[in-house]
Amino acid sequence: MSFQLEVLPHRDWADSIADLWAERLSDSPGLTMCLATGSTPKPVYRAIAGHADLSGTKVFLLDEFGLEPGDPARCDVMLGDMLLSRLEVPPALEKLNPQAANLDAECDRYSQAIARDGLSLVILGLGTNGHLGLNEPGSGYDSTTRVVALADETMAGLSSYGTTSTTSWGMTIGLAEILSSDEAWLLVSGEHKAQILRQTLIGPVDPSVPASFLRMHSNVIVWVDEAASSQLV
Ligand code: GLP
């Protein structure tokens, strides 16, 4: 139970993450990854698109909101804008379909695909309520891919992704699947994440802060900019 904490000046944060990511890709061109969307990874995706080849990789999208296809807050739309459209040859992409007729069967399909392929690297953001993906407070470390009700903070945050729509639900890979990855990176930037980062790294490991379960994993890097690190001392 340990993690590597990297605290970096904001100007170096995204490039440092992208540099190590590019190294991983050069060592393993067929890497199977699970990627978050949201605002946090945007500069990292922009940086990696400039200097790495993802053509042989496979990407599982971490989660999805119960919104209509094409909505700007959809995770697949965000990943397209932030990363896929910037690559000459995109990776193979797997994603959850919130329009599927049978959502439980769709979650089972995704869970089985992750178990079959195995995850080498998961890149995560941190919700201000401690969520990972859409594993909201109350989620157990043994949770798997499923349909979830969104926490109030998560619903309120949807507008920051440029949508005028709202939804009360989403789909997410579970904490068990996140913890099954060979390696996990938690990306955290900005003063508004300082308090929840402290709880994640220093508070109890329990479902009230789902991200705290990353401390059960033996190969985690927490990439933090100076503003987000302000409450760690
Ligand atoms: C969102 C997303 C997550 C994301 C997290 C943090 O609700 N569904 O995948 O990692 O919350 O988002 P942000 O980076 O925008 O703060």
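The values are calculated or read from the model by the stated rules, or taken from the named source; none is laboratory data. Owing to the predicted nature of the structure, the values given are computational and were not obtained by experimental measurement. Here Cβ is always computed from backbone atoms with ideal geometry, including for glycine, and neighbour counts include all displayed protein chains.
Tabulated data
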| quantity | calculated |
| --- | --- |
| Subset of the stretch 164-183 [without any contact (Cβ under 8 Å) to a residue 40 or more places away in the chain and out of contact with any Asp or Glu (no Cβ under 8 Å at 6 or more places or on another chain)] | THR164, THR166, LEU179 |
| The stretch 193-214 residues that are without any contact (Cβ under 8 Å) to a residue 24 or more places away in the chain and closer than 11 Å to GLY140 by Cα, paired with ones that are assigned to a helix (DSSP H, G or I) and of a type in the set (Gly, Ala, Ser) (beta carbon under 6 Å, 6 or more apart) | VAL205/SER212 |
| One residue from GLY140, GLY127 being more than 26 Å from TRP13 (Cβ to Cβ), at pLDDT 95 or above and touching a Leu at 6+ places or on another chain (Cβ under 9 Å) | GLY140 |
| Helices (runs of 4 or more DSSP H) (entirely within the stretch 59-167) containing at least 2 residues that are away from the ligand (no atom under 15 Å from the Cβ) and loosely packed, with under 15 Cβ neighbours inside 10 Å | 103-117 |
| Top-ranked residue of the stretch 43-58 - restricted to ones that are within 22 Å of LEU8 (Cβ to Cβ) and surrounded by fewer than 17 Cβ atoms within 10 Å (Cβ to Cβ), ranked as farthest from the ligand (Cβ to nearest atom) | HIS51 |
| Check on TYR161, of a type in the set (Phe, Trp, Tyr), modelled with pLDDT of 95 or more and more than 23 Å from ALA14 (Cα to Cα) | no |
| Residue tally, condition touching a helix residue (DSSP H, G or I) at 6+ places or on another chain (Cβ under 6 Å) and in a helix (DSSP H, G or I), over the stretch 168-203 | 3 |
| Breaking point among (1) in contact (Cβ under 8 Å) with a residue 12 or more places away in the chain; (2) within 16 Å of the ligand (Cβ to nearest atom); (3) not hydrophobic (A, V, I, L, M, F, W, C), for SER28 | (2) |
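Listed here are the residues, each with its yes/no results for (1) closer than 22 Å to LYS95 by Cβ; (2) at pLDDT 95 or above; (3) in contact with a helix residue (DSSP H, G or I) (Cβ under 9 Å, 6 or more places away or on another chain).
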| site | (1), (2), (3) |
| --- | --- |
| SER2 | no, no, yes |
| LEU5 | no, yes, yes |
| GLU23 | no, yes, no |
| GLY30 | yes, yes, no |
| VAL59 | yes, yes, yes |
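Quick grid of which residues meet (1) without any contact (Cβ under 8 Å) to a residue 24 or more places away in the chain; (2) not β-branched (Val, Ile, Thr):
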site	(1), (2)
ARG116	yes, yes
LEU119	no, yes
LEU124	no, yes
ASN129	no, yes
LEU132	no, yes
ASN135	no, yes
VAL148	no, no
